[in-house]
1. Just to be sure before I move on: is THR77 within 25 Å of the chain's Cα centre (by Cα), open to solvent by 40 Å² or more (accessible area, probe 1.4 Å), closer than 26 Å to HIS140 by Cβ and modelled with pLDDT of 90 or more in the structure I sent?
2. Please list, ordered by residue number, the strands (runs of 3 or more DSSP E) wholly in segment 55-149 having 2 or more residues that are among the basic types (Lys, Arg).
3. Restrict the check to segment 37-53 and report whether at least one residue is of a type in the set (S, T, N, Q), under 25 Å from GLY138 (Cβ atoms) and either buried (at least 17 other Cβ atoms within 10 Å of the Cβ) or in contact with a strand residue (DSSP E or B) (Cβ under 9 Å, 6 or more places away or on another chain) (or both).
4. Scanning segment 54-73 for residues that are within 14 Å of the chain's Cα centre (by Cα) and open to solvent by 30 Å² or more (accessible area, probe 1.4 Å), which turns out nearest to GLU119 (Cα to Cα)?
5. Pull up segment 1-17, narrow it to residues that are open to solvent by less than 90 Å² (accessible area, probe 1.4 Å) and within 30 Å of TYR104 (Cα to Cα), then point me to the one that is modelled with the highest pLDDT.
6. Could you grab me the full set of residues in segment 82-110 that are within 15 Å of ASN54 (Cα to Cα) and open to solvent by 20 Å² or more (accessible area, probe 1.4 Å)?
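The values are calculated or read from the model by the stated rules, or taken from the named source; none is laboratory data. These numbers were taken from a predicted model, which means no experiment stands behind them. Cβ sites come from the backbone with ideal geometry, for glycine too, and all protein chains shown count toward neighbours. When the accessible area is computed, the model is the full protein with side chains, heavy atoms only, and any ligands, DNA or RNA have been set aside. Shrake-Rupley method; radii C 1.70, N 1.55, O 1.52, S 1.80 Å.
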Amino acid sequence: MHKIKSLFILAALSLAACSNNSINIDTHSEIVELSEKELNSIGGEKDQNITPENFKKLILYSKISNYDNLKNAHVETVVHLKKLLGDVYWVGTSAEGNTKNGDYIYEEKVIINLKNTSEQEIKEALKNAYITVVWDEGQHTDRFDNNFQ
């Protein structure tokens with residue numbers, strides 16, 4: 001009976017240790033309207049080609065939960081939006097890092113020109129954009145086109 005209890009406790013501790021290394025990657029992408037200020041900042045008010053119909057903002061966002069509990073973890077992003085989108089890519093910024101609660105955030109905001117491209121074509125291009133978390137006990141990948149809104 002003592003051996004069974006010991007095995008049960010070891011199994012429970014093993015499960016607890018495994019659960020500490022489990023992660024969740026919440027990844028999504030969306031295209032949103034530009035504010036008037038953003039629209040004016042990319043071409044000025046007099047440029048007739050800079051219209052709300054042509055220019056939008058593409059946002060890629062990824063939140064990796066439980067990141068601080070992963071041993072020797074690092075994030076690999078294969079986004080390269082400038083390369084993936086070509087002439088559609090206008091200008092962009094990105095930010096990434098750890099949060100106070102142990103998560104890891106990756107976010108990229110890009111102004112895109114949709115004059116000669118559809119949102120569906122953007123979604124297709126995002127099939128080549130992904131984020132991978134690698135740590136001592138495993139690896140997890142999520143693609144940005146999986147949750148395109």
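1. Criteria not met by THR77.
2. Output list reads 55-65.
3. No.
4. Looking at residues that are within 14 Å of the chain's Cα centre (by Cα) and open to solvent by 30 Å² or more (accessible area, probe 1.4 Å), I get TYR61.
5. In this case the residue turns out to be ALA17.
6. Result: ASP87, TYR89, TRP90, VAL91.
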